[in-house]
Amino acid sequence: MKEATGVLQFWFEQTEPKQWFSKDLAFDALIEERFAHLVVRALDGELMSWSQDADVCLALILLLDQFPRHIYRASAQAFAGDAQALELSLMTVKQGWVSESPNMNHRKFYLMPMMHSEKLAVQRASLPLFAAHTDENTMRFARRHVEIIERFGRFPHRNKALGRPNTQEEKAFLDQPGSSF
């Protein structure tokens, strides 16, 4: 589990929270250099044994949910791990790992795949979890994600990467200042 520990140390100890959600090509390249081989294995389902332990499972969620968004930015591959990450996220809630974690940032990333889901039921079910286990800033983003899914049934920001055409309403939305997360 040395590799899982390396993922957790990198994300939670060696980086700053502002890096997690910023567009920074140098940071993306660093993640790719250090962890692309693990991301590929995770996407191929080779690391599912990591789901048996709370901390190691969190590392797997990061490999499936966060790291592809950096390594494969602006491409369909950025979202390739979303279904697996969501399954793991839901499992961590059922196992009690989210509520038992003393670290708010860990709880945030256990839940993050729910915020990334384009399923309205998942989005709505996530709100009480984000309210109970994260901070107000994260909760604000969770609400914003729900509003977008309620309005469009998907995230228009992903359309270009996924080869989906924008509706006129989506185009108008994307053209508005502040439409981005």
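The numbers here are math on the coordinates, done by the rules we state, and not lab data. Everything quoted here is computed from the prediction, not taken from an experiment. All Cβ positions, glycine included, derive from the backbone under ideal geometry; neighbour counts span all protein chains shown.
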Practice problem: Return the loop-located chymotrypsin sites (Phe, Trp or Tyr not before Pro) in segment 1-109 (DSSP other than H, G, I, E, B) with at most 12 other Cβ atoms within 10 Å of their own Cβ; answer none if there are none. | Solution: 21
Quiz item: Is the shape of segment 1-149 best called rounded, prolate or oblate, per the rule: a/c under 1.5 gives rounded, else a/b larger than b/c gives prolate, else oblate, with a ≥ b ≥ c the square roots of the Cα gyration tensor eigenvalues?
Solution: rounded
Self-check item: Relative contact order of the chain, defined on C-alpha pairs under 8 angstrom at six or more residues apart (%)
Solution: 15
Quiz item: For the pair residue 172 and residue 52, what calculated FRET efficiency results from E = 1/(1 + (r/R0)^6), where r is the Cβ-Cβ distance and R0 = 35 Å, to the nearest 0.05?
Solution: 0.15
Exercise. Only residues of segment 1-31 count here: report those whose backbone N is under 18 Å from the spot 7 Å along Cα→Cβ of residue 103, or say none.
Key: 1-21
Self-check item: Distance between segment 13-74 and segment 157-181 - C-alpha centres, whole angstrom
Solution: 25
Quiz item: Nearest 10 degrees, 0 to 90: what angle lies between the long axis of helix 25-43 and the longest principal axis of the chain (Cα atoms)?
Solution: 70
Quiz item: So what is the 222 nm mean residue ellipticity for the chain from helices alone, if each DSSP H run of at least 4 adds -39500 (n - 2.57) and you divide by all residues, rounding to the nearest 500 deg cm²/dmol?
Solution: -19500 deg cm²/dmol
Exercise. Run the quick spin-label model on residue 14 and residue 41: label points 7 Å from Cα toward the beta carbon, then report their separation in nm to one decimal.
Key: 1.6
Quiz item: Using 7 Å Cα-to-Cβ label points, what is the residue 2/residue 180 separation (nm, one decimal)?
Solution: 3.9
Quiz prompt | Derived scalar couplings ³J(HN,Hα) [segment 60-65; Karplus, 6.51 cos²θ - 1.76 cosθ + 1.60; whole Hz; x for Gly, Pro] | solution = 5, 4, 4, 5, 8, 9
Quiz item: Label points 7 Å out from Cα along the Cβ direction at residue 22 and residue 141: separation in nm?
Solution: 1.4
